[in-house]
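Encoded as structure tokens, the structure appears first; notes follow it.
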Amino acid sequence: MLVLLAMPLPGCRKVEQPPARGLTLQQIADVYAEAVLIRSVTDSLQAMARIDSMMRSRGITRDQIEATVEAFRKDPSKWLLFLSLVEKKLENATSVKVVGGKARKDTTARRSVNPFAK
């Protein structure tokens, strides 16, 4: 009798989600830089909707971002590469824009922003 109670029933198994796959360094830098730009020009509620939409369109989940951040915590050199990539992307995105026929430096995305904060 005890043996029967100890055996799991076939239909009662807990369905486990596969572990979240982390993102490549390039993917996370692209997403983060774009999120910073969105947050720099949009109010927070609208920004979160746009960031979520951008992530969905790229097939990226918050679990993947968290898995990637966890991997970066184990390898600080990846953090440095990530920050360098993001900095270059933001510089390229905000470097020179033509406004009214005159080129000028655009610094809208230079504010310190946590784009994934709600």
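Read-outs: derived from the displayed coordinates by stated rules, not from any lab. Bear in mind the structure is a predicted one, so any value in this text is a computation, not a measurement. Positions of Cβ are generated from backbone atoms using ideal geometry, with glycine treated the same way; all protein chains shown enter the neighbour counts.
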Within segment 50-68, the residues that are in contact (Cβ under 8 Å) with a residue 24 or more places away in the chain and among the hydrophobic types (A, V, I, L, M, F, W, C) are Ile51, Met55, Ile60, Ile65, Ala67
Sort out which residues of segment 38-49 are touching a residue at least 12 places away in the same chain (Cβ under 8 Å), surrounded by fewer than 18 Cβ atoms within 10 Å (Cβ to Cβ) and either not in a helix (DSSP H, G or I) or not hydroxyl-bearing (Ser, Thr, Tyr) (or both), and write them in order of number.
-> Val41
Report, by residue number, each residue of segment 33-49 that is of a type in the set (D, E, K, R) and either over 20 Å from Asn92 (Cβ atoms) or touching a strand residue (DSSP E or B) at 6+ places or on another chain (Cβ under 9 Å) (or both).
-> Asp43
Those residues that are surrounded by 16 or more Cβ atoms within 10 Å (Cβ to Cβ) and in a helix (DSSP H, G or I), I need them from segment 55-66; list them, please.
-> Met55, Gln64, Ile65
